[in-house]
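The values are calculated or read from the model by the stated rules, or taken from the named source; none is laboratory data. Since the structure is predicted, the reported quantities are computational estimates derived from the model, not experimental observations. Neighbour counts are summed over all protein chains in view; Cβ atoms, including those assigned to glycine, are modelled from backbone coordinates with ideal geometry. With ligands, DNA and RNA removed, areas are computed over all heavy atoms of the protein, side chains included. Shrake-Rupley method; radii C 1.70, N 1.55, O 1.52, S 1.80 Å.
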Amino acid sequence: MPVSAVNTFRLRSGVEVADFERFSAELDRPTCLSFDEVLGFEVYLSDDGTVVEIMTVSSWAEWETVRDGAPELEPVVARFDELVEPGSVTTVFTRHSPLPQEIRHA
């Protein structure tokens, strides 16, 4: 069953939202979405430097294995660490809850 990780975090002091937006659009999301395990990756930005990311993966355990061993992700992690306030990341793991009609037709 797919799992969505809802991440929230703050940008480091002095980091512009536009800098994170560029990183997300040009490096983070394209790299992550190139892996078969990643089914979706949405990012929401606020002007105060708060970011919400929703990454949906086919299996969190499989994604962790890929994430922890893929050299393609090293520059993503390094740049993320430059942009994001240490200790501000929180993650909630979620699953899709079907609508009543989806339950009846399942």
| task | Just need a number here: residues in the range 71-85 that are in contact (Cβ under 8 Å) with a residue 12 or more places away in the chain and of a type outside the set (Lys, Arg). | result | 9
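Could you name every one of the helices (runs of 4 or more DSSP H) located completely within the range 1-100 that has at least 2 residues being open to solvent by 70 Å² or more (accessible area, probe 1.4 Å)?
Here the list reads 17-23, 60-69, 74-83.
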| Positions within the range 46-74 being out of contact with any Leu (no Cβ under 9 Å at 6 or more places or on another chain), closer than 26 Å to ALA18 by Cβ and at pLDDT 95 or above, in sequence order | GLU53, ILE54, GLU72, LEU73, GLU74
